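Q: Handing you a structure now.
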Amino acid sequence: MSALLEVRNLAAAYGESQVLFDIGLTVREGEVATLLGRNGMGKSSTVRAICGMLPLLPVGGGELRFAGRSIAGERPDRIARLGVALVPEGRQVFANLTVREHLAAFAANRFNRPDPWTADKVFAFFPQLAERQHHLGNRLSGGEQQMLAIGRALTTNPRLLILDEATEGLAPLIREEIWTCLASLRAAGQTILVIDKYVERLIALADHHSIVEKGRIVWQGSSAALDADHGIWHRYLGV
């Protein structure tokens, strides 16, 4: 598998406060990768930097490459058009748009996929959304909002789907539905980078993992390696 996303020596700051130091990771086409770590350790900041929402340091900011081209310094909208879709922490659905309007507003098939994600395909994937398609975003439950956020990202037909806190705050039954959907996306060949705290589920889903501690990558390895060493869980993940 060829590398789709390559991050090398990434360094970024909020104002004068540096939050990322020498971050490095690779996500290959068709695989699922994770970013793990305790709260506040730099996972979301790493995702924001990848998506162009957190500027890299002007000197020594590292390298970001997507599909073989540099995206360091690119605007978020440009990175999105290249095929990166983010399901943000907190879902961020629009209160004044219906479910169907959300899916129509972001729909694109820039890579001419023969069977692209459309609103109707999302409704088949998430039947609950089909039942609520004419409801405004602020009339949905938390689980329905997360389904909508995922569906909205899928209608851009991305090459890379990034989920920041994929199941945070969801009821157990809804969490299970999200995990099932992510497994289906993986089986269909969707490349995914996911942040979540449920390590056991991520081990079953993902190919490899990167752990972030105080803005640095402190461990990387396969699901088998992470499953075999629970000392890593206790040291870095607070399990």
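Q: Need the failing condition index for residue 113 against (1) surrounded by 13 or more Cβ atoms within 10 Å (Cβ to Cβ); (2) more than 30 Å from residue 55 (Cα to Cα); (3) not aliphatic (A, V, I, L, M), just the number.
A: For residue 113, the exception is condition (1).
Q: Quick one: which of 103, 86 is at pLDDT 95 or above, part of a strand (DSSP E or B) and surrounded by 15 or more Cβ atoms within 10 Å (Cβ to Cβ)? Even if it seems obvious, please write down each step before you answer.
A: Values: 103 fails: part of a strand (DSSP E or B).
Going through 103, 86 in turn, the sole match is 86.
Q: Still on this model: Would you check if residue 202 is assigned by TED's automatic domain parsing to the domain that holds residue 28, under 14 Å from residue 31 (Cα atoms) and within 15 Å of the chain's Cα centre (by Cα)?
A: yes
Q: While we're looking at this one, here's another question. Using the structure shown, decide if residue 35 is surrounded by 18 or more Cβ atoms within 10 Å (Cβ to Cβ), in a strand (DSSP E or B), outside the structural domain of residue 88 (by TED's automatic domain parsing) and not small (Gly, Ala, Ser).
A: yes
Q: Based on what the data block shows, is residue 125 in contact with a Cys (Cβ under 9 Å, 6 or more places away or on another chain) and not assigned by TED's automatic domain parsing to the domain that holds residue 5?
A: yes
Q: Residue 22: modelled with pLDDT under 95, surrounded by fewer than 14 Cβ atoms within 10 Å (Cβ to Cβ) and of a type in the set (Asp, Glu), yes or no?
A: yes
Q: Give the residues of the stretch 139-175 that are out of contact with any helix residue (DSSP H, G or I) (no Cβ under 9 Å at 6 or more places or on another chain), touching a residue at least 24 places away in the same chain (Cβ under 8 Å) and part of a helix (DSSP H, G or I), sorted by residue number.
A: Listed by number, the list holds a single entry, 153.
Q: If a residue counts only when it is in contact with a Lys or Arg (Cβ under 7 Å, 6 or more places away or on another chain), touching a residue at least 12 places away in the same chain (Cβ under 8 Å) and surrounded by 17 or more Cβ atoms within 10 Å (Cβ to Cβ), which strands (runs of 3 or more DSSP E) contained entirely in the stretch 191-239 have at least 1 such residues?
A: Passing ranges, in order: 191-195, 208-213.
Q: Moving on. Might you check whether a residue that is of a type in the set (A, V, I, L, M, F, W, C), surrounded by fewer than 17 Cβ atoms within 10 Å (Cβ to Cβ) and over 18 Å from residue 5 (Cβ atoms) occurs anywhere in the stretch 138-154?
A: no
The values are calculated or read from the model by the stated rules, or taken from the named source; none is laboratory data. Computed from a prediction, not measured in an experiment: that's the story for all the values here. When we count neighbours, we look across all protein chains shown, and the Cβ atoms used for this are built from the backbone with ideal geometry, even at glycine.
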